[in-house]
Structures are given as C-alpha cells and as structure tokens.
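The values are calculated or read from the model by the stated rules, or taken from the named source; none is laboratory data. These figures come from a predicted structure and were not determined experimentally. Reconstructed Cβ throughout: ideal geometry from the backbone, glycine too, with neighbour counts over all protein chains shown. For accessibility, only protein heavy atoms count, side chains too; no ligands or nucleic acids. Shrake-Rupley method; radii C 1.70, N 1.55, O 1.52, S 1.80 Å.
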Number of protein chains: 2
Amino acid sequence: MKNQLGREIPEAIAKNRLLYAGAFGTEPTMRRYAPQVKRILPGQSKLVDNIEDVFKKIPVKSGMTLSFHHHLRNGDGVLNMVLDTAARLGIKDLKIAASSIFPVHAPLIEHIKNGVVTELDTNYMSGVVAQAISHGILAKPVTMRTHGGRARAIECGQLKIDVAFVAAPAADDYGNINGTQGLAACGSLGYAIPDAEYAEHVVAITDHLEEYPLTPVSIEQTRVDYVVKVDSIGDPKGIVSGTTKITKDPVGLRIAENAAKTIEAAGLIRDGFSFQTGAGGASLAAAYFVRQMMEKKGVTGSFALGGITGYMVEMLESGLFKKLLDVQGFDLEAGRSIAKNPNHMEISANFYASAFNSGSAVNRLDAVILGATEIDTDFNVNVVTGSDGVIMGGSGGHSDAAAGAKVTIIVSNLLRGRLPIIVDHVLTATTPGETVDVVVTERGIAVNPLRPELKEQLLQAGLPVREIHELKELAEKMAGVPKQIETGDRVVAVVEYRDGTVIDTVRQVKD
Amino acid sequence: MKNQLGREIPEAIAKNRLLYAGAFGTEPTMRRYAPQVKRILPGQSKLVDNIEDVFKKIPVKSGMTLSFHHHLRNGDGVLNMVLDTAARLGIKDLKIAASSIFPVHAPLIEHIKNGVVTELDTNYMSGVVAQAISHGILAKPVTMRTHGGRARAIECGQLKIDVAFVAAPAADDYGNINGTQGLAACGSLGYAIPDAEYAEHVVAITDHLEEYPLTPVSIEQTRVDYVVKVDSIGDPKGIVSGTTKITKDPVGLRIAENAAKTIEAAGLIRDGFSFQTGAGGASLAAAYFVRQMMEKKGVTGSFALGGITGYMVEMLESGLFKKLLDVQGFDLEAGRSIAKNPNHMEISANFYASAFNSGSAVNRLDAVILGATEIDTDFNVNVVTGSDGVIMGGSGGHSDAAAGAKVTIIVSNLLRGRLPIIVDHVLTATTPGETVDVVVTERGIAVNPLRPELKEQLLQAGLPVREIHELKELAEKMAGVPKQIETGDRVVAVVEYRDGTVIDTVRQVKD
C-alpha cells in the first residue's frame, strides 16, 4: 500500500497501522493512556539496594517494555547496566524503548543476539547498534519516532511502558529527580518526563542521593516507585554532542549566512523572534549570523527552543533571547545555565513537540534550521539513512520543528562526500516536503513551490534563488547521477511520523 | 449501614459508594482517568474575547461539571463570573467542583435557587453558602473531600471535570499559567494542577497577560485550551486568611507551648525535622514555640509543608527549614517568597496529599498541628460542623496530614464558647481517631491509647498527660454535659475520607 507521500508500505506493516496522510491529516481519536493507580504507605521506603532487587520487586518479566532516556547521550551507563541485569536473570524478549541509542550502547547487540532484547523503539540511533539493525540483526522492525511523536505515543497509549528506568543525576530517597545536580548533571530531563508519567513502574537510578526533599524537581515522587543508588550512572563527558563549535569551512559558512539571510528576508528578525537550531557546526554558524543580524537591528528575540547549546546560553545572557525552552542540554554550559537561570526553563518532550496535546512549543517557532542526509525534489527530507542505506540517525525533533515553524530551512552542501544530496526520491522519507520551506546550499536557495510569497521575499532580498531541479542538475553535473541504492526487501525499521502514522520504512542493506 | 467508625450511612448513600474501612483499609483498584486527547494546529490562537464566547466554543452545556480552585480564597472573582455567565445563557443543572467555597461566593445561593447549580463538590466551605447547604437548599448532598482526596478523586476518575476554569494571576496567550505574577498574585496554584491535568477542557481566566513564553509555569500550555482576559480575577486582599498573627490569649499560648513540648518529647526536634501547621493564631503560636526549641538546640529542619504563611517563610529565610513545600499561600509574604526563592517550591495537591499515588509529601511529615471543632473519646475529630450542626469548614488537608505524619497533634481549648469540645461521639467524623495521636488542651494532654510509647515519652518529659475521659469530665464539670444536637434526617453532605470512602454524613439542621 502507498501512503500519501507515495511510499510503498508492505501489507504486513500497514495492516495494524495508520498510514501517513499529510502533515496535519490525522486527528487524535483516543483517550490518554491510563496507568494503574498505586499507593505507598507512610513510612514505606523506596530505596532498593541494587537493580537486581528492583527487578525482583516489580517484578520485571520476559516480554516487558523497558524505557530509557538519552540525556546522558554517549555517556549513558544506565541502559547497559539494566540490560546486563536482565541478561543475568535470564529475562528474554524485552522491548527497549530508548529515546535515542548511541555508540556507547554497543552491548545491546549481544543482548539482541541472545534473545534478551527482541524489539526496539527509538527516535534516533547511531553507531554499531544502528549498523547491526540495518544488517538485519533484529527479527522485528524497529519503530523510529520523532521526539514529539514518542511523547505522543506514550501519552496516547501506543507506546506502553512497563518499567521506566530514569538515569537520575540527582534524586532523593522518595524519588524526586532532577538533572542539574550531581556528578553526571546533564541539565534538562525533558525526554524522560512522559516515561515517568505514564509507565506502570518507575525506577530512579542515581549516583547522587540528596536529602529529602530535593529541589528543583523534574520528575516527582508521586510517580517514582523505587530508587537505586549505584556508583555511577555514566560519564558526563559523553553528554557533549559531536560538534559544538562553529564550522570554519568557508562553504559551510556561506550556507549558514544564506540561511540567516533567508530568515531575515522572511521578515522574522524582529522583536519576539523565536528560533531553533541544532548543535552541529553549520547550525551553530547559522546561529552566529542570526545573532549578528539581531545585534545590528537591536532586536530582542522571544525564545530559543529544543536541544540547547552554550551558544544559545550566551544569547540568553546577552539579552538576545528572553527565554530558553530546553528539552535537552547539548553541552555542560546548557546544564550550568538551566540550574541557575529562571529564564532557562526545562520542558518535557510533550511540551516541546507533541502533535497531540493542547499546544506544543514547536507551534510557536518562527524559524528552524535543520540538516539532511538527502532531500528530494518534493522537499522531502531523509535524516534516517546515509548514502549506503545504513541507519545513521533519526528524526529526533526534525519533523516536529519542521511542522511547527513558520519557516523551516534545510541547510546542506550540494554534495555529501562525492554524492549529490538532492535526489528525485529520498531513500527514507523522514520529514515531509510540505513542512519544509527552503533548502539552502552553497550554490543557491530553493523555495518550496507551496510558499510563493516566501520565494518573492527572497528574490526581493537579492538572494540566489534557484529551482530545486536546477540545484539537483548542478550537483549531478559535478558528481554524476548517483546510483540508486539497492536494498533488500526485509523491513528493518518503520519510520513513524509525529502523528503516529507510517511515513516510510527502512529496508535491510545488502551485504 | 455502619462504616468501620460505627457511623450510620443511609442505604441510599451507601449503595453506590465504598464505606470507610480504616485509615489505610482501602486500596486503589482503578486506572487513572484518561481525558480525550486533543490537538491544536500551528498558528491557531487560544485567545477568546470573553467567558460567554468560551462557553459557546466548548460548548458548556447543562448537566456539566465545572471546576474552580480557591487560591484567591475570599478574594476570588472567577467562580461568580463564570456562574453569572452560565445563568445568563440559560444553562442549568451544573455540578460545581470548587476546591473551597468562601463567603465571597454568596451568589452561588441564587444560582442554586434558580437551578443553574444543582450539585456541589468541595473540600471546605464557610459563610452563607455553607449555612444555606446546612439548611437544605440543595436537593443532592454535597460531596466533601480532603485536599488530597480531591486530587485523588480527579486522578482516579471519581470526580470527572468537564471544564476547569483556572483563575490565573498570570498567563500567556498560549495558556501557560503561574500564580506569582500579576495584580492578583497568590503564590502557589497547587490545588488547580490536578484539575488542569484531567479536565476535558481547560480555560485560563486572567487579568494579566504576559508575553509568550511565560516562566515559571505552574500549569502548562499543553493542557490549556482557551485563554480569556478579564478586567480582574479578584481582590488580592481577600487572599489573606482570617488570622495570621500569633495568638495573645494566655490559654492559647499555654496550649501551643504544650503542643511544641509534645513534639520535643517525641524526639522530633532534631536535624531533618519536618512540620506542618495552619494559619490560625494557635497554630502560629505553636510554630513560635517550635522555633524557639529549634533555635535553642541549633536544629536545622528539613521542610515545612502545606498552606504556607509568612511565619514559615521567616523560618526558611533564617535557615530553620531548608525547604518549603507550598500547595497554597496563606498571605502575601508566601507569594513573594515562592516567586524568588528556589527552596520554596510549589507542589500540586497530588504531591501534597493524595493517598493514591507513589508517595505524597504528608507521608514524610514528622509532626502536624491541627485544630478541631469537636474531638471524641476515640480521638475522632470533627472539623466540618459547628456546635449548632451547621457546616462551617471541612477537612481541607486535615485528614491527609493526620494520616501521613508521625505525630498528629490536635490543639484546642477544653471549651469552645461555653461547650465542652471533648464528647462521646463527634457529630461529624472528619478525621479518624486512629490517625490522631495527641490532644493538647489547657488542662492536660491526652495520648491515643494506640500510642503507648508516645505516652511514655510525654510522661518522662513531665508533660501533664491525662486520659481523654478525664479531660471530657473536667470540661463537663465546668460547663455541664452538652445537649445532643438534634438534626433532621435528610443528608445534606457526604463526608469522604481521603481514600474516597464515606466516613460520615452531615444532616440538615433543624430550623
């Protein structure tokens, strides 16, 4: 069956799921998920000696869904610790719902091979686990969601969690948790908040027990059943994402400058401006140019949103933005700022980006700058698979911010490695073209034909506007027409759009 | 039918409800309430011109349940405003779930007479509405809950709210709400939080619109559907509760001092001490003596809980308590402190006192000092009806704190007016005797026989311990045996214990 983007979704996948029907084409029809009500008597303790004992108390059984959050990123120690316990206890057939999976989670591969883990649900994966998945290590396809989509799926009962294991940089003995204190302080715990709210059981794993009552509280005692003190929940150095420095590449800088000029041409660099960008070098460079414009015009922005970097903290502290809404800290400066600055607010994944609530923050974005591994001439974007067809990322907040923002800008070099990035059809559609307004490359800017008024603004600003087909041909002239990637038939991942519909699938790569 | 306290519950009331079966005798068996999932598209506005338009948009219909919170106390303007609108639009048969009802809500009486309101659900009521209820103005009995019980009933789906109207001292145009900014700043919005989380529709009524995104946020945009700007949500002067000064009455001071000495004798005046007391003169006097002891011993307490007064703020600022957990500000100092001091934390009614979650704060209390209108020789306490049988209050957090605290102390003069306060059977059982440890009067201290070790501690500390029967006889010698109040048969209120069971009923008074 084909979905609205023309993507072929195999019958077996389609039969139990809704297919993508446009960025706003699917409305919620369900009630929120309703976990069992619990109680705890005065005097009863939540402290448990170790993870094994928690497994026995709950009890964790084969076939359950265990959830994890990724604020410790590539420094996370909790997922491995918990799965090692499961393996030791002979538990099998677990579904792991981890908001993201990083190279540090390599031991997952062994657990998959041994049948401890038989299903994955995640918003992003990189490194050896993603590679193994692409090569077909798991019998069932992975469900890949957006950050907002995961929060929605949890709240709407589509992702049911038996036990949420919360890596807690700080906790008290009654389960109050925050991410701003302790040795592994990571700042916001935004992605863990839906898990704690809707899981049937919630366990705080911490290496830093504070006196009761811990303040501030990101996850409340009312939802946490057990507290386990361990030696270390992870390596705080792993929190910092790959690149958090502005690119020095002159081509990258030109693209970034044109992205900023696009925002300016759209009339958005004005008081009240709201903005999201990533932590990569090109995104930060774009933020640099946006900042110059704001300073030059004396503009005070409203808020910056999403994963927060030290660069955004600087802009807050310089008065360029009044508020930061932070679902995840990308570096230690973000963590330090959220701990002390009341204008730097922690938000949940639900608040950040869910499509199905009474209003998430992405809906209030003026502009977002995003990356891509491929873009097609319908402006559909791939951020899941690389040029070899192997999974190397995931939407994260990509589709969410694109759907919400007034202007969504994809920045990319025309070639990646030696391959054209603009193609007729992306291998994996992650973010639908109708939510993408502009593609900025070093050889020109393509505007989505759905936005003629924006194209007019860019032309009037003297920006190098090109048709997307022109850009594609330009790239093909330089590097030749790329060969179609050949994949196997087997579906290794189902890519869910933020509303829970199937936007695409990922097929096994050929060895 | 009789419940476990021996209270006669009429068949008509008993048949659809669980009866009280001991303070911890009823376990939760349900799932949480699950409201319908909603969505709002980017660009869609939540601002509505006036309350009438909100009524039409939702739409509010006859027979619905509308909820209100009482942080503006006797200064609240929102409940009256909303019900006037309902009356104007010809809406009938509304159930009003207001966390408390004050004299300012007198217009409710007209709305009851006219059939606009036919059912009430509240934790506390005083003034003319309470009097009218006692005289039988409503055909259906009022449900009277505890503060924790209301949060529980909302979360467990026993109190289903169609529309929550949140009096919002500050809001932005996307529905983020706090209680610390604006002209009617009242501090914590703790009692409104469960309503906003579980109501089918949520409306913010505000007189102070801030730029988006408002911070801090007590109630999030993800739950608020409409925002209405009005001229005034109420009179901030009405926030201050009746008495917030330490009593000067020498008898009251003696009782307060003995209450403090009871806590000391129980060994609780030590580092980590946690405490709750009310805003009345006697409660504040007890806090004064506790404070002296803490200062003398150089003790640093852990937290003070509940409704917060300026006196508790002083203790926080002097370092006598490390934290305040605030569900409601009793005066403007509390509001000022919560706005600026990160150790003064807003908590929801659920966090404060629900019996059915993974742990509320009352469970962590060392000592609580509470009042009474009557106490019986089984230590059951009445805080609902006065000596004439008329409703003049309600549990509020009384039963919740009593159930949670290690030591629950009731302070009272032996006589109220000219009537003995200790009786064989309280007219209305509000808080069960098994959760009450000590009754402190000016003529002696009675210890619950369930707590022999505590009695021993008090005796060893040289405190004037008496049997409760002795105290009763002493009072009767002074004032005579009080006449049994004669009530009618008709039930005007059902008193629910914090776990949702029926602990007692209130009968119509005889005119």
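A few points about this structure:
- Interface between chains A and B: roughly 5400 Å² of accessible area buried, both sides summed (probe 1.4 Å, protein heavy atoms only).
- Summarised in one figure, the compactness ratio Rg/Rh of the range B:48-236, Cα atoms and Kirkwood Rh, is 0.94.
- Converting phi to 3J(HN,Hα) with the Karplus coefficients 6.51, -1.76 and 1.60 and the offset θ = phi - 60°, the range A:300-312 yields 10, x, 7, 8, 10, 10, x, x, 10, 10, x, 5, 5 Hz in sequence order, with x at every glycine or proline.
- Taken per residue, the accessible surface of chain A reaches 34 Å², heavy atoms only and a 1.4 Å probe.
- ³J(HN,Hα) computed for each position of the range B:21-27 - Karplus, 6.51 cos²θ - 1.76 cosθ + 1.60, integer Hz, glycine/proline x: 9, x, 4, 10, x, 10, 9
- Here the Karplus curve 6.51 cos²θ - 1.76 cosθ + 1.60, taken at θ = phi - 60°, turns the phi angles of the range A:129-138 into couplings of 5, 4, 5, 4, 4, 4, 8, x, 5, 9 Hz, with x standing for Gly and Pro.
- Atom-type composition of the exposed protein surface of the range B:361-507 places 47 percent of the accessible area on carbon and sulfur (1.4 angstrom probe).
- Peptides ranked, highest mean first, by Cβ atoms within 10 Å: ranges B:17-24, B:126-133: B:126-133, B:17-24
- Pairs spanning more than 24 Å between alpha-carbon atoms, out of A:322/B:38; B:61/B:113; B:56/B:160; A:61/B:38: A:322/B:38; A:61/B:38.
- Residues losing 40 Å² or more accessible surface upon assembly, the range A:348-362, compared with the chain by itself, 1.4 Å: A:351, A:357, A:358, A:359
- Summarising the amide proton neighbourhood of residue B:445: residues at separation of 5 or more, or on other chains, whose placed amide H is nearer than 5 Å comprise B:465, B:466.
- For residue A:293, neighbours were defined as the other residues whose beta-carbon sits under 12 Å from its Cβ, and their charges (Lys and Arg +1, Asp and Glu -1) total +2.
- Each pair of Cα atoms in the protein assembly as shown enters the Kirkwood radius, and Stokes-Einstein at 10 °C and 1.306 mPa s then converts it into a translational diffusion coefficient of 53 µm²/s.
- Copies compared at residue B:485 - label distances in nm, ascending, label defined 7 Å from Cα in the Cβ direction: 7.7
- Under-5 Å amide H pairs with residue B:158, H placed in peptide plane, nonlocal only: none
- In percent, rounded to a whole number, the relative contact order of chain B is 17, using alpha-carbon pairs under 8 Å and six or more apart.
- Residues whose amide H comes within less than 5 Å of that of residue B:31, counting only those at least five positions distant or on another chain, are A:37 (H built at 1.01 Å from N in the peptide plane).
- For residues of B:314-327, the mean tally of beta carbons on other chains within 10 Å: 1
- Note on residue B:468: accessible area is roughly 10 Å² with a 1.4 Å probe, heavy atoms of protein only.
- Gain on full extension, evaluated as 0.36 nm per residue between residue B:251 and residue B:479 minus their Cα-Cα distance, stands at 80.4 nm.
- Relative contact order of the range A:43-97, taken over Cα pairs closer than 8 Å and 6 or more residues apart, is 51 percent.
- Take residue B:288, push a point 7 Å out from Cα through the beta-carbon direction, and compare it with the same point in every other copy: 6.5 nm, smallest first.
- Ordered by 1.4 Å accessible area with all protein chains kept, B:31, B:145, A:451 run largest first as B:31, A:451, B:145.
- Per-residue average of Cβ from other chains inside 10 Å of B:26-38: 5
- Each other copy places its own label point for residue B:473 at 11.0 nm from this one, sorted shortest first, where the point lies 7 Å along the Cα-to-beta carbon line.
- Local net charge near residue B:473, Cβ-Cβ under 11 Å (Lys/Arg +1, Asp/Glu -1): +1
- Cα coordinate range in chain A, projected on the principal axes (Å, largest first): 70, 53, 41
- Over the range B:250-486, Cα pairs under 8 Å with separation of 6+ residues give a relative contact order of 18 percent.
- With both residues required to sit in the protein assembly as shown, DSSP beta bridges show an antiparallel share near 25%.
- Peptide B:216-222 has a mean of 6 when you count, residue by residue, the C-beta atoms of other protein chains within 10 Å of its C-beta.
- Within the same chain, lysines fewer than 8 places from residue A:483 are excluded, and of the rest, those with a Cα less than 29 Å from its Cα are A:2, A:140, A:472, A:510.
- Length gained when the stretch residue A:50-residue A:30 is fully extended (0.36 nm per residue, less Cα-Cα span): 3.4 nm
- Per the axis that maps chain B onto chain A, nearest residue of B (Cβ criterion) and its distance in Å: B:34, 2
- Around residue B:492: net Lys/Arg minus Asp/Glu count, Cβ-Cβ under 11 Å: +2
- Among the protein heavy atoms, those of residue B:140 account for about 90 Å² of accessible surface (1.4 Å probe, every chain in place).
- Within the range B:329-455, percent of DSSP bridges classed antiparallel, to nearest 5: 55
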